Amino acid sequence: MPHRLLPTLLLLAAAPAAAGTLCGLVSDQVSGDPIPQAGVFIHQNGAWTGLAAASDASGHFCLDLPAGTYSLEFRVDDHRSGWLDGVVVNDDTTDVQVPLARPAVALAAPWPNPAHGAAKLRLTVNRPADVTLDVLDARGRLVRRWSAAGAAPGALIHDWDGRDHAGRDVPDGLYLIRARAGDETVTRTLVLVR
């Protein structure tokens, strides 16, 4: 019986890239206070890598990454607040300091949502500003407005009773809650059901 040689297949796999750790501190560039829950999005070669982290209560974040050069996008309260290019991660820990300008106003998710006739609308003013809080219908028409000229930093809470500016009940549906301070705008959605 003839001896058969079986073809040998060599699989060449690329060795995994050395991993490093990227850590940082996200802080307010004016006060120096840490910024919790800041989103950190990792980009490479102009595209988002799908990797992200968030800062903890003390403003710190850490993320294990393959060795490489990255761009970091930072978001605070859904605003793109900063960008850092050329961050090199090697097989050690890379530290970055990230001073960001907080948005003038932050808008929390309305509660409860869906609302059964009433909802709490909470916004935080981060620096003195003229602030408006609007309820818009799904077509963008103004339903209700609150405003505060020269609002001081701190929390503002409005109880929306599901009525328009004239005191009439509005129909069930999707509503947009929009906070504005200067040229900054934050929008959330609210579903009203009765």
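Quick look at the values:
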item	result
Spacing of the two label points (7 Å from each Cα toward its C-beta) at Thr49 and Val88, in nm	1.6
Heavy-atom accessible area per residue - segment 54-194, 1.4 Å, Å²	53
Under Karplus coefficients 6.51, -1.76 and 1.60, residue-wise ³J(HN,Hα) of segment 33-42 in Hz, glycine/proline x	5, x, 10, x, 6, 7, x, 10, 10, 9
DSSP-defined antiparallel bridges as percent of all bridges, the chain, nearest 5	85
Charge tally in the Cβ shell below 13 Å around Ile35, where Lys, Arg are +1 and Asp, Glu are -1, Ile35 excluded	-2
Cα-centre dipole for the chain with unit charges at Cβ (Lys and Arg positive, Asp and Glu negative), debye to 20	780
Gyration tensor (alpha-carbon) shape descriptor, the chain, a/c threshold 1.5	oblate
Computed accessible area, Arg163, all protein chains, 1.4 angstrom probe, square angstrom	90
For Leu136, net neighbour charge (Lys/Arg +1, Asp/Glu -1) across residues whose Cβ lies under 13 Å away	+4
Label-reachable residues, segment 83-123, where backbone N falls under 17 Å from a point 7 Å from Ala19's Cα toward its Cβ	89-94
Proximal charge balance of Gly46 [Cβ under 14 Å; K/R count +1, D/E count -1]	-2
Listed residues Ile35, Ile157, Ile177, most fluctuating in the chain (Gaussian network, C-alpha, under 10 Å)	Ile157
Percent accessible area from carbon and sulfur atoms, the chain, protein chains only, probe 1.4 Å	55
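The values are calculated or read from the model by the stated rules, or taken from the named source; none is laboratory data. These numbers were taken from a predicted model, which means no experiment stands behind them. Using ideal geometry, Cβ is built from the backbone for each residue, glycine included, and neighbour counts are taken over all protein chains shown. What goes into the accessible areas is simple: the full protein's heavy atoms, side chains included, and nothing from ligands, DNA or RNA. Shrake-Rupley method; radii C 1.70, N 1.55, O 1.52, S 1.80 Å.
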